[in-house]
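The block underneath contains the structure these notes are about, expressed in structure tokens.
The values are calculated or read from the model by the stated rules, or taken from the named source; none is laboratory data. Owing to the predicted nature of the structure, the values given are computational and were not obtained by experimental measurement. Reconstructed Cβ throughout: ideal geometry from the backbone, glycine too, with neighbour counts over all protein chains shown. With ligands, DNA and RNA removed, areas are computed over all heavy atoms of the protein, side chains included. Shrake-Rupley method; radii C 1.70, N 1.55, O 1.52, S 1.80 Å.
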Amino acid sequence: MGGNGGGGEVRTLLLWCPDWPVAAAEIVEGVPATGPVVVLRENRVVACSEAARLEGVRRGLRRREAQSRCPRLVVVDYDAGRDARAFEPVVAAVEEVAVGVEVIRPGACALAARGPARYFGGEEAAAERIVEQVAEACAVESQVGIADGVFAAGLAAREGRVIAPGETRAFLAGMTIDALERPELVDLLKRLGIATLGDFARLPPGDVLTRFGFDGALAHRLAAGQDHRPLAVRRPPLDLDVADTYDEPLERVDVAAFAGRALAERLHDRLAAHGLACTRLGIEAVTADGQELHRVWRHDGTLTAAAIAERVRWQLDGWLTGARRGAPSRPTAGLVRLRLVPDGVLVHLGLQPGLWGDAGAERERAHRALSRVQGLLGPESVVTPVLGGGRSADDQIRLVPWGDEREPARPSAPHPEPIRDLVTTPVLAGTGAEGEGEPAAVISLADRRGEGPDLRDSAEEGLASISRLPVASGAGAAVGADLGGVAGAVAGRATLAEPAASTAGDGAAGDKSVAMVALPRGARLKGGGRRVARSPVLPPWPGRLPKPAPAVVPPQSLGAVVLDDAGTPVGVSARLELTGDPAALVVERGQPVEISGWAGPWPVDERWWAPGEGRRRARFQVALADGRALLLVLAGGHWAVEAIYD
């Protein structure tokens with residue numbers, strides 16, 4: 001009875017707790033779930049109690065509409081962390097009678113049905129036993145569904161059904177298309193006349209992938225009763241906590257710190273026995289009158305026994321002397337119990353060296369100082385930047401608290417070169433020595449008038465053109481080289497164009513342009529050219545600002561005006577054609593500054609599919625006569641300085 005279904009999917013038992021965000025609010029915050037309660041996220045109802053449903057409240061309603069239907073409604077804000085913390089005891093209760101549990105989301109967990117079914121004498125008996133276990137251990141209402149695959153088991157759990165082996169596909173065929181829980185895809189399918197999962201599953205997979213994309217293809221597999229991945233069961237966590245109880249309440253900091261040091265050594269020895277290292281330390285205390293205190297300390301690296309003891313002492317000092325500093329969190333009595341919880345553990349050999357190296361007094365002092373600042377002012381007081389995906393300079397950086405996981409909010413591949421499969425190196429006019437200076441990424445060729453060999457026809461489609469990049473001496477040459485990094489390039493063999501001499505009347509004698517070289521992947525340029533790294537696994541972020549990256553991004557864009565030679569404001573047409581050649585720039589209400597070089601425009605059309613969120617703009621890079629280089633943006637007919645180059 002516990003084998004695989006006819007489609008080859010593993011028989012899956014899924015436990016589902018109805019209205020879990022409401023139940024979690026009752027467990028953590030004491031909100032009575034028997035009354036009309038709703039959980040709001042972004043001003044919309046994501047969960048509601050049974051009493052609220054009887055009053056006509058439904059998921060997706062706005063707050064005002066929900067309160068109009070039920071004036072005595074209790075509103076709770078959505079908190080994913082609260083839901084996850086409250087669900088952990090439920091998962092632990094399931095693991096007491098069955099192994100191999102995977103948490104699908106807070107409120108739902110799944111496991112292979114074969115083991116519990118054989119042990120308890122059938123799938124129905126296993127489902128009843130697990131529901132009873134959760135009710136007895138956690139006082140939580142739950143339902144169990146069993147079917148071939150996780151997706152089908154989740155739908156069966158909402159009805160408390162056990163789908164016989166081989167009948168999962170027929171069970172899914174009668175479900176409405178809303179069961180996919182993909183609002184945009186479901187809306188499109190309904191407009192195409194597809195009302196059930198069975199209708200969707202009968203479509204050819206190749207046509208679904210072509211029309212609806214990768215996410216639509218995954219949804220098509222689910223509708224056909226085929227999960228796109230197997231169960232990823234979790235291992236029960238090790239019992240690594242250490243705690244101690246004291247007959248005499250700890251009221252003095254030195255006595256409490258001595259007790260905390262003993263606990264710190266025990267915790268460090270226990271972690272070392274399992275080959276683990278602690279990166280986040282939870283410190284819990286209970287006072288003589290029952291007050292509970294809790295704090296989490298983060299650390300970028302391993303916490304040694306001395307480091308653990310030091311943080312325990314800092315925290316106890318803050319708790320026991322809080323009133324003297326005016327803090328409201330001083331305990332009402334002495335501490336009778338201390339508990340240290342290794343909240344974040346990892347294999348010791350897998351640690352990444354930090355900014356100050358693996359070890360040493362400098363690294364330890366820096367970590368202690370930053371951790372102490374976080375302890376006094378909060379985790380958000382010390383932050384580090386994490387580079388991620390994004391099109392503009394102001395949306396690629398995410399600030400994370402010191403010690404937290406440095407994961408980008410929007411992962412993206414590195415963007416090493418402006419053009420795929422090409423590495424570029426500049427050759428400045430008048431430079432005769434080989435290997436002189438460090439080359440920068442520069443592509444294309446243009447003299448001051450935009451004349452000379454036109455390489456744009458051979459460039460990759462969609463990249464911007466470039467013009468007016470004169471090479472002067474000193475900083476001007478460097479700026480011109482930097483601006484060249486965003487232009488077109490020639491594919492194929494290396495191509496070198498000699499810089500054209502300036503024409504009469506265009507400036508001082510000898511004023512020349514920048515000569516650029518485009519190399520195919522793997523080729524080398526004599527005098528410092530380098531090979532291109534292999535293509536990253538992730539694709540580059542579309543429309544991302546190419547190298548070089550700006551050095552300064554103002555919190556608010558600075559208003560600007562771009563003028564041509566006649567003093568007329570310059571604009572961009574619908575065909576991305578300039579109404580005039582940029583000659584001067586006015587920032588805020590300052591004096592006009594001559595533009596010595598410019599590149600662009602590069603159009604950016606963001607979120608055009610979302611009503612009210614779309615944004616169209618054109619970006620330019622300009623070099624000014626005073627040596628500055630700026631990133632300009634033209635949106636809605638208004639110019640602004642978005643970033644400043646070093």
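Couple of notes before you dig in:
- Sequence ranges 200-211, 607-618, 390-401, 628-639, ranked by mean other-Cβ count within 10 angstrom, highest first: 628-639, 390-401, 200-211, 607-618
- Each residue was assigned an accessible area with a 1.4 Å probe, and for LYS190 the value is about 100 Å².
- In the range 125-232, the C-alpha radius of gyration followed by the widest Cα-Cα span (Dmax) gives 15.7, 50 angstrom.
- The range 34-64-the range 391-413 distance, computed between alpha-carbon centres (Å): 34
- Column: log10 I(q)/I(0), Debye, Cα scatterers of the range 175-250, q = 0.16, 0.17, 0.18 Å⁻¹: -0.63, -0.68, -0.73
- Take each peptide in 82-92, 581-591, count the other Cβ atoms within 10 Å of every residue, and average; sorted highest first, the result is 82-92, 581-591.
- Rounded to the nearest 20 debye, the dipole magnitude of the range 554-632 is 320 debye, with +1 charges on Lys and Arg beta carbons, -1 on Asp and Glu beta carbons, and the Cα centre as origin.
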